[in-house]
Structures are given as C-alpha cells and as structure tokens.
1. Inspect all residues belonging to region 59-69 and state whether any of them is among the aliphatic types (A, V, I, L, M), without any contact (Cβ under 8 Å) to a residue 12 or more places away in the chain and either in a helix (DSSP H, G or I) or closer than 23 Å to Leu9 by Cα (or both).
2. When the residues of region 1-24 are narrowed to those that are within 19 Å of Trp118 (Cβ to Cβ) and not in a strand (DSSP E or B), which ends up modelled with the lowest pLDDT?
3. Just one of the numbered conditions (1) without any contact (Cβ under 8 Å) to a residue 60 or more places away in the chain; (2) farther than 21 Å from Ala89 by Cα; (3) in contact with a helix residue (DSSP H, G or I) (Cβ under 9 Å, 6 or more places away or on another chain) is not true of Gln17; which one?
4. Starting from region 85-100, keep only residues that are within 14 Å of Ala20 (Cα to Cα), then list their pairs with residues that are of a type in the set (Lys, Arg) and at pLDDT 95 or above whose Cβ atoms are within a distance under 6 Å, requiring at least 6 positions of separation or different chains.
5. Between Leu78, Leu101, which is out of contact with any Asp or Glu (no Cβ under 8 Å at 6 or more places or on another chain), on the phi < 0 side of the Ramachandran plot and in a helix (DSSP H, G or I)?
6. Of all the residues that make up region 66-120, how many are farther than 24 Å from Ile40 by Cα, of a type in the set (A, V, I, L, M) and surrounded by 15 or more Cβ atoms within 10 Å (Cβ to Cβ)?
7. Could you list, in sequence order, the residues of region 37-58 that are hydrophobic (A, V, I, L, M, F, W, C) and in contact (Cβ under 8 Å) with a residue 12 or more places away in the chain?
8. Quick test for you: out of Pro128, Pro110, Pro85, pick the one residue that is out of contact with any Lys or Arg (no Cβ under 9 Å at 6 or more places or on another chain) and under 23 Å from Cys36 (Cα atoms).
Amino acid sequence: MPRFVLIGLCEPPSADQQAAFDEWFVDQHIEDTAKCPNFIRGSVFKLAGPHLDGETVSGYLSLYEVEAPSYEEAERVLNEWQRNPNAWAGRKMHIETGQRLAAANAGNIPLGIKGSGWYELIKSFDGPKA
C-alpha cells in the first residue's frame, strides 16, 4: 500500500500563546490526529536551527506517517475522523481544551499554519542507526 506523510508547518500565533499552543497542539492534537485509521505515527518537531543558509519558515513541523490507497483517501478518512467527537477516548479532552483556549482567544485556537501538504513516499534509505 502506498505510504504518505502529511506535513504541517505550524507555530503559536504569538509569543504569549506559547503555553496554549503547547497544551493543545503539542500535547493533544498530534496524538489525536495520530489515532486516525491508516495513520502509523504522528510526531512534532521544534526548530533547533537552520541548515546551511536555508530559510526557515516555521518554528514547528508536524509529521504524520500514513498508509492509504491515495492521499485523497487519507484526507477523506482524516476529515471524517476529526468530525467524530467520539472517535477515541481522548477526543473529549482534546475538544474541550480547544474550546476553552479558543474562548480565551477571541474564538481562535492557538495555532498559526504556515503551510501543509501530503507527500507520497518515493524512496527511503536506512542509515547506520536504523
């Protein structure tokens, strides 16, 4: 079955929303999304530094590994999963946290998205640490 990654370039909308971003996105949203059928793993990375002289566009990168017949099917399943308030035992807490933080922030969750997309695995090579 084809393998895809869903990559998100995300960060808190402002420095004063860092704690809310950490609570909702880092501590809950990544796990919640990773529980979706077809998802293998969900990870979040914080930018540690630039590579060479390359531009960095986001302070955080979320990475979800997914097996699905197509990215369109993976997207459909994810959207269906995220609409289901009873999808898994932790969903209630995730929804309540999002609602509480949005209420404290003029209706907005503490998340700024700089970009996202589905990428299909073409080749993969293990390194010496694999």
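The values are calculated or read from the model by the stated rules, or taken from the named source; none is laboratory data. Please read all numbers here as calculations on a predicted model, not as lab measurements. For neighbour counting, all protein chains shown are included, and Cβ atoms are generated from backbone atoms with ideal geometry for every residue, glycine included.
1. no
2. Filtering first and then ranking leaves Met1.
3. Only one criterion in (1) without any contact (Cβ under 8 Å) to a residue 60 or more places away in the chain; (2) farther than 21 Å from Ala89 by Cα; (3) in contact with a helix residue (DSSP H, G or I) (Cβ under 9 Å, 6 or more places away or on another chain) is unmet by Gln17, namely (1).
4. Once the first residue is within 14 Å of Ala20 (Cα to Cα) and sits in region 85-100, no partner that is of a type in the set (Lys, Arg) and at pLDDT 95 or above comes close enough.
5. Of the residues listed, the single one that is out of contact with any Asp or Glu (no Cβ under 8 Å at 6 or more places or on another chain), on the phi < 0 side of the Ramachandran plot and in a helix (DSSP H, G or I) is Leu78.
6. Looking only at that region, the number is 3.
7. Phe39, Ile40, Val44, Phe45, Leu47, Val57
8. On the way: Pro128 fails: under 23 Å from Cys36 (Cα atoms); Pro85 fails: out of contact with any Lys or Arg (no Cβ under 9 Å at 6 or more places or on another chain).
The unique qualifying residue is Pro110.
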